[in-house]
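Heads up, the thing below is written out as structure tokens.
The values are calculated or read from the model by the stated rules, or taken from the named source; none is laboratory data. Bear in mind the structure is a predicted one, so any value in this text is a computation, not a measurement. Every residue, glycine among them, receives a Cβ derived from its backbone with ideal geometry; neighbour counts consider all protein chains shown.
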Amino acid sequence: MNQPYLTNCAECERKISSSAYQCPHCQTTSPFGITCHICKNKLRKSRAIEVLDSQGEPLYSAHEGCLNWVKEEVLGNQKIFYQCPVCQTNITISHSTSTPTCPKCGHYFMTNEYYAGRCKLCRNTVLKGFEIKYDYEIYHKLCANKAYPNWEIEEKQRQQKRQEKERNKRQLEEAKAEEARKISLEELGQGIFNFSIALLLGVTILLIGSGISGLVVAAMFGFSSLGKIIGLIVAILVFLTYLLPKK
Ligand SMILES: [Zn+2]
Ligand SMILES: [Zn+2]
Ligand SMILES: [Zn+2]
Ligand SMILES: [Zn+2]
């Protein structure tokens, strides 16, 4: 529902429609300007400076002042001190050193010895020890300040969140282990209880069985000592009959 309205051309400042692709007066194809990569403000395309990568492909456009800011403020005083691994000469490398070699023995430093990466904002080299990691990207400290003024606070909050998550996870695992211990103890208790009941039942059945069979045998054979022995044998048999299916 965006109705076109009249606005000013970024280049010639004459009136154009907000839906125009090209200014009818000055013919620019960016009548609303472009965004400066560094400061994120509007930028006239005719005033934009295009930054190219080493292959000559365009990286971004920015105000001249913004690029100067990067050069002077961000990169200006970056230096890193190394000792040559071959001859132990102390060497200073600045951000502009593209092929660092030892002035004494000519040893060539591998780039990853001092190279942390490319700044997400200005795309220039970030030296090791000068890099700011924010949201998995590398920045110069000043570039991070410019792109994300609250990066330090946000990064701290992120770290706290990570630690909290870890703490919660640990607590959950401990609670689970505790629960498992409790359950195994309960199972052991239940087992002892079941066994006691079974034993009690067995003894009861034995007593009743031997009593009844003793009476039956006594009624059949009289209370002779032979009858008592047979009664005992029958009682044992009855006991075994009750006990065996339980095992
Ligand atoms: Zn125009
Ligand atoms: Zn700018
Ligand atoms: Zn050397
Ligand atoms: Zn930067």
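Here the range 116-148 is the region considered, the condition is being of a type in the set (Phe, Trp, Tyr) and buried (at least 18 other Cβ atoms within 10 Å of the Cβ), and the residue that is nearest to ligand 1 (Cβ to nearest atom) is Tyr148.
The condition of being away from ligand 4 (no atom under 12 Å from the Cβ) and either among the basic types (Lys, Arg) or under 35 Å from the mean Cα position of the chain (by Cα) (or both) holds for only one of Cys26, Cys36, that being Cys36. Which residue out of Ser184, Ser210 is at pLDDT below 85, of a type outside the set (Lys, Arg) and part of a helix (DSSP H, G or I)? It is Ser210.
Only one of these is surrounded by fewer than 13 Cβ atoms within 10 Å (Cβ to Cβ) and not assigned by TED's automatic domain parsing to the domain that holds Ala144: Arg14, Arg44. Name it.
On the way: Arg44 fails: surrounded by fewer than 13 Cβ atoms within 10 Å (Cβ to Cβ).
Being surrounded by fewer than 13 Cβ atoms within 10 Å (Cβ to Cβ) and not assigned by TED's automatic domain parsing to the domain that holds Ala144 holds for just one of Arg14, Arg44, which is Arg14.
With the structure loaded, tell me whether Lys104 is away from ligand 4 (no atom under 16 Å from the Cβ), among the basic types (Lys, Arg) and in the same structural domain as Leu127 (by TED's automatic domain parsing) or whether it fails that test. The answer is yes for Lys104. In the set Glu72, Glu50, Glu57, only one residue is loosely packed, with under 13 Cβ neighbours inside 10 Å, out of contact with any Lys or Arg (no Cβ under 9 Å at 6 or more places or on another chain) and under 24 Å from Tyr114 (Cα atoms); that residue is Glu72. Applying the criterion of at least 1 residues that are within 16 Å of ligand 2 (Cβ to nearest atom) to the strands (runs of 3 or more DSSP E) found wholly in the range 38-149 leaves 49-52, 58-62, 137-140. Only one of the numbered conditions (1) more than 34 Å from the chain's Cα centre (by Cα); (2) among the polar types (S, T, N, Q); (3) modelled with pLDDT under 90 is violated by Gln78, and that is (1).
A Cβ distance below 9 Å, combined with a sequence gap of six or more or placement on separate chains, defines the contacts here; from the range 140-166, residues that are of a type in the set (Val, Ile, Thr) reach no residue that is surrounded by 15 or more Cβ atoms within 10 Å (Cβ to Cβ). Within the range 214-247, being at pLDDT below 75 and not hydrophobic (A, V, I, L, M, F, W, C) holds for Gly214, Gly222, Ser224, Ser225, Gly227, Lys228, Gly231, Tyr242, Pro245, Lys246, Lys247.
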